[in-house]
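Here is the structure we will look at, set down as C-alpha cells.
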Amino acid sequence: MLLVVAVLLIAVMIWAVPRSVQPGDAGEFATIMLDGGVPHPSGYPWMRILGFPARLFHAMGVPPATAAALPCAAAGCLAWLLLHPILVRIAGAGVATFVVALLGTASVVVVHTCDSEVWGPHLLMSSIVLRVALSKRQCSPLVLGLVLGLAVSHHLTAVLLVPLAVGAAWPSREPQDRWLVPLVSAGAKGIAGSALGLTAMATLAIGSGGHWRWGDTGTLSGLIHHISRADYGVLQLSLHQEAVTVTDQWVRTAGSLGSALTAGFTAAPLAGLVLTFGICGFACWRRPAALARGPWWGLMVTALATVVGFPALHNIDPTRVFGAWILERFDLLSLLVLSIPLAVALGPVSGWASDARRKTLLALLATALVGQQVYNTGRRGVASSDTFVEHYAVALLRTPTPGVRSVVFGTDDHRTFPVLYAQVVLGEGPDVLYIDASLLSHSWYRRMLRRSWPSLPDVDKPVRLMGAIWQSPDLAQTPIYLANNFSRPSANLNRVPEGVLWRIVPPPSLATAPPPLPAEIVELHRAALGRLRPMDGPPSLSAAHPFTGDLAAHYNEPTRRLITSLMATGHTDLAQALADDLPPQ
C-alpha cells in the first residue's frame with residue numbers, strides 16, 4: 001500500500017513541477033537556492049540548505065526552475081509518506097492509503113508544494129513532529145523539543161504544533177506528591193530541545209555570496225531583526241495591512257478545507273465547516289486505543305488552532321482572489337493535522353468491509369474519489385502548465401534598449417521575484433536595475449541597490465528617487481520605466497508606452513531633450529516589441545495562479561493604450577502598424 005501511494009504522489013509531483021519560474025516567492029527562493037543569498041523574513045535557512053541538491057540537479061542539465069522545485073516537491077511527497085504508518089496503526093492500511101492519496105493530491109497541496117516554495121519542506125518538518133509525537137512509545141521531551149524547534153526554524157507557523165508536543169511530552173501519572181518534578185523536568189527538556197533546534201536560524205549569518213540578500217544577517221542585531229520579521233511587523237503576514245473580518249477568514253478556510261476533503265466536489269463554506277467539525281467530533285468520540293490520551297488531545301487542540309485560531313489572526317483580505325491564493329497556503333498544515341482524525345473517522349469502514357465484494361466496492365469508490373481529486377487539481381491548474389510569469393519577466397528586462405543602463409520601477413512579489421530570477425539565473429537584462437518601490441523604505445535594500453549602481457542616490461521614495469536620478473550629473477540620461485502603478489504619485493507621471501513597460505518622460509524643468517513625437521514613440525515601442533521572446537500562443541490562465549492573469553493583463557496594455565491614442569489623434573497608419581504587431585493575449 002505504501003508503494004502504491006508513493007508511486008501516485010511521485011507521478012503527480014513529476015506532472016506538476018514547474019518548467020519555468022512561478023509567481024509568489026518562488027522566484028526568490030529559486031534564485032537563492034541556485035545562487036546563494038538570504039530570503040525574506042524569517043529567513044528560511046532550510047531553503048538555503050536545499051540549494052545543494054538544487055544546484056546538483058541544475059548541473060545535471062535539469063532546467064533551473066525545475067531543479068529548484070524538485071527538492072521542495074520531494075519533501076512534500078515524503079511528508080505524506082512519513083504519515084502513512086501512523087494512519088495504518090490507527091485505521092488500517094486501506095484507510096491510511098486512501099487518506100494520504102486523497103489529501104496528498106488535493107489542488108491546494110499540489111499547487112503550493114510542487115514548486116520552489118517553503119511549503120513542501122514545511123509539511124515534511126511538521127510530519128516529522130507528528131511522527132515523533134504519535135509514536136508507540138512516549139518520546140523523550142528533549143527529542144520532541146528538538147524536532148519542533150527544527151520545524152519552527154523552517155516556518156514559524158509550526159509553532160501551532162506546540163499543543164501536540166506538550167501533550168506528547170506530558171509525563172505519565174505519578175503519585176499525588178510527585179507530579180511537579182517530572183512535569184518541570186519534561187518542560188525543561190522540551191525547551192532545551194526546542195532551543196537547540198532553533199539554532200538552525202543562526203546559519204543565516206553564514207556565507208556572504210548571492211546577488212539577493214534580504215536584510216543584514218551578518219550582525220547579531222540584524223539576525224534577530226530578520227528572524228523576528230521586524231520588517232513586516234512581527235505578527236503581520238505581509239507588508240500590506242488590510243481591514244478584514246474574522247468571519248470572512250473562517251468562510252475562506254472552511255471552503256478550502258471542504259474542497260480538499262471532498263475531492264473538489266464542493267467548496268461551499270457550510271459544507272466544509274460541517275465536514276471538518278464532524279470529522280473532528282466523531283474522532284474525539286471514538287479516540288483510537290493506538291494513541292495515548294496526551295498526544296491525542298494535544299493533536300485536537302492543534303487542529304483547533306490551525307483551523308480556527310490562526311485564520312482569525314490573518315490580516316490579508318480573503319475575499320480577493322490574490323488574498324485567497326496567499327492565505328490558502330496556510331491550509332496545508334491544517335490538512336496534514338486533519339488527516340489523523342479523518343483516518344479515525346473512516347476507521348469503521350474497514351470493519352464494514354468484511355468480505356471480498358465489499359472490499360472491492362470500497363476500493364473502487366476510493367479510487368474514483370482520488371481520481372476525481374487529481375482531475376480537479378489538473379482542471380484548476382498546476383505549475384508545469386504556467387510559463388507566462390517567466391515570459392513576462394524576460395520581456396520586462398528586454399524592453400529597455402540593450403547596452404543602455406536603465407531603471408525600472410515596479411512592485412508586487414509576482415514581478416520582483418521573477419525579474420530577480422530572470423536576471424540572476426537566466427542572465428537577462430544585465431544593464432537593467434529593477435527597483436521594488438515597496439522595499440525602498442528599507443535601508444538594507446537601498447544599500448543593495450547601490451552595490452549594483454554606486455552612483456544611485458539614497459532616496460527612500462520612488463517618485464522622489466526618479467527626480468534625484470534626473471538631477472544627478474552621472475545619471476541624467478538614464479531611461480526610467482514603470483512596470484505598474486504603485487501609488488497615487490506614480491499614476492500621475494507623464495509616460496509613453498515602450499514594450500511591456502511605460503517610459504517616464506521627465507518634467508520640462510529636468511528634461512534634456514524635447515518630448516518625443518508620435519512617430520518616435522511608435523518606433524521605440526516596435527523596436528522593444530521586436531526584442532521580446534515570442535510566445536507559442538496565448539498564455540494559459542488558471543484559478544491556481546491568479547497572479548499570472550494580472551501580468552497577462554498588463555502585458556499588452558501599453559500597446560493597446562498607444563493604439564487608442566494614435567487613433568484618437570488621427571495617426572491611423574501608425575495605429576494599424578501597431579495593431580498588426582500586437583502579441584497574442
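The values are calculated or read from the model by the stated rules, or taken from the named source; none is laboratory data. What you are looking at is a predicted structure, and each value in this text was computed from that prediction instead of being measured. FYI the Cβ positions are ideal-geometry reconstructions off the backbone, even for glycines, and counts take in every protein chain you see.
Within the stretch 208-219, not a single residue is among the aromatic types (Phe, Trp, Tyr), within 30 Å of Asp35 (Cα to Cα), buried (at least 24 other Cβ atoms within 10 Å of the Cβ) and within 31 Å of the chain's Cα centre (by Cα). For the stretch 245-263, the condition of being modelled with pLDDT of 90 or more, touching a helix residue (DSSP H, G or I) at 6+ places or on another chain (Cβ under 9 Å), surrounded by 14 or more Cβ atoms within 10 Å (Cβ to Cβ) and not in a helix (DSSP H, G or I) holds for at least one residue.
Among the residues of the stretch 198-227, which ones are more than 13 Å from Met448 (Cα to Cα), in contact with a Gly (Cβ under 8 Å, 6 or more places away or on another chain) and part of a loop (DSSP other than H, G, I, E, B)? Residues satisfying the conditions are Gly207, Thr217.
Quick check on the stretch 327-340. Is at least one of its residues more than 26 Å from Val132 (Cα to Cα) and among the hydrophobic types (A, V, I, L, M, F, W, C)? Yes, because at least one residue in the stretch 327-340 is more than 26 Å from Val132 (Cα to Cα) and among the hydrophobic types (A, V, I, L, M, F, W, C). Yes or no: Ala527 assigned by TED's automatic domain parsing to the domain that holds Asp474, modelled with pLDDT of 80 or more and in a helix (DSSP H, G or I)? Yes: the conditions hold for Ala527. Screening Leu78 against (1) at pLDDT below 95; (2) part of a helix (DSSP H, G or I); (3) surrounded by fewer than 23 Cβ atoms within 10 Å (Cβ to Cβ); (4) touching a helix residue (DSSP H, G or I) at 6+ places or on another chain (Cβ under 6 Å) leaves a single unmet condition, (1). Against the numbered list (1) of a type in the set (A, V, I, L, M); (2) surrounded by fewer than 19 Cβ atoms within 10 Å (Cβ to Cβ); (3) closer than 17 Å to Thr399 by Cα, Ile480 comes up short only at (2).
Determine whether Ser135 is among the hydroxyl-bearing types (Ser, Thr, Tyr), without any contact (Cβ under 8 Å) to a residue 24 or more places away in the chain and more than 23 Å from His226 (Cβ to Cβ). Lay out the reasoning, then the answer.
Details: among the hydroxyl-bearing types (Ser, Thr, Tyr): yes; without any contact (Cβ under 8 Å) to a residue 24 or more places away in the chain: yes; more than 23 Å from His226 (Cβ to Cβ): yes.
The answer is yes for Ser135.
Evaluate the stretch 186-197: report whether one residue or more is under 31 Å from the mean Cα position of the chain (by Cα), among the β-branched types (Val, Ile, Thr) and farther than 20 Å from Trp296 by Cβ. Checked the stretch 186-197: at least one residue is under 31 Å from the mean Cα position of the chain (by Cα), among the β-branched types (Val, Ile, Thr) and farther than 20 Å from Trp296 by Cβ.
Results for (1) under 17 Å from Glu523 (Cα atoms); (2) of a type in the set (D, E, K, R); (3) assigned to a loop (DSSP other than H, G, I, E, B), shown as yes or no for each residue.
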| position | (1), (2), (3) |
| --- | --- |
| Phe547 | no, no, no |
| Ala552 | no, no, no |
| Arg560 | yes, yes, no |
| Thr564 | yes, no, no |
| Met567 | yes, no, no |
| Ala577 | yes, no, no |
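Part of a loop (DSSP other than H, G, I, E, B) and of a type in the set (Val, Ile, Thr), is that true of Val404? Considered against the rule, which asks whether it is part of a loop (DSSP other than H, G, I, E, B) and of a type in the set (Val, Ile, Thr), Val404 comes out as yes. Among the residues of the stretch 21-50, the one identified as of a type in the set (S, T, N, Q), buried (at least 24 other Cβ atoms within 10 Å of the Cβ) and in a loop (DSSP other than H, G, I, E, B) is Gln22. Tallying residues that are surrounded by 17 or more Cβ atoms within 10 Å (Cβ to Cβ), in a loop (DSSP other than H, G, I, E, B) and among the small types (Gly, Ala, Ser) within the stretch 289-338 yields 1.
Of all residues in the stretch 256-271, none satisfies being under 28 Å from Leu146 (Cα atoms), over 21 Å from the mean Cα position of the chain (by Cα) and assigned by TED's automatic domain parsing to the domain that holds Trp170.
Does Ala267 satisfy the criteria of being modelled with pLDDT of 90 or more, under 23 Å from Leu346 (Cα atoms) and in a loop (DSSP other than H, G, I, E, B)? Taking the combined requirement at face value, the residue does not satisfy it. Against the criterion of being more than 29 Å from Gly27 (Cα to Cα) and of a type in the set (S, T, N, Q), Ser126 does not qualify. Of all the listed residues (Pro63, Pro85, Pro18), the sole one being crowded, with 24+ Cβ neighbours inside 10 Å and either in the same structural domain as Val118 (by TED's automatic domain parsing) or in contact (Cβ under 8 Å) with a residue 12 or more places away in the chain (or both) is Pro18. Here Ala289 passes the criteria (1) more than 22 Å from Ala544 (Cα to Cα); (2) at pLDDT 90 or above; (3) out of contact with any Lys or Arg (no Cβ under 8 Å at 6 or more places or on another chain) except the one numbered (2).
Within the stretch 352-369, is even one residue buried (at least 22 other Cβ atoms within 10 Å of the Cβ), closer than 28 Å to Leu299 by Cα and at pLDDT 90 or above? Before the answer, list the steps.
Just the residues of the stretch 352-369 that are buried (at least 22 other Cβ atoms within 10 Å of the Cβ), to begin with: none.
Scanning the stretch 352-369 turns up no residue that is buried (at least 22 other Cβ atoms within 10 Å of the Cβ), closer than 28 Å to Leu299 by Cα and at pLDDT 90 or above.
Within the stretch 496-518, the set of residues being crowded, with 19+ Cβ neighbours inside 10 Å and in contact with a Lys or Arg (Cβ under 8 Å, 6 or more places away or on another chain) comprises Val496, Pro497, Gly499, Trp502, Arg503, Ile504.
Would you be able to say whether some residue in the stretch 123-131 is buried (at least 23 other Cβ atoms within 10 Å of the Cβ), modelled with pLDDT of 95 or more, in contact with a Ser or Thr (Cβ under 6 Å, 6 or more places away or on another chain) and under 21 Å from Ile14 (Cβ atoms)? Looking for residues that are buried (at least 23 other Cβ atoms within 10 Å of the Cβ), modelled with pLDDT of 95 or more, in contact with a Ser or Thr (Cβ under 6 Å, 6 or more places away or on another chain) and under 21 Å from Ile14 (Cβ atoms), one finds none in the stretch 123-131, hence no.
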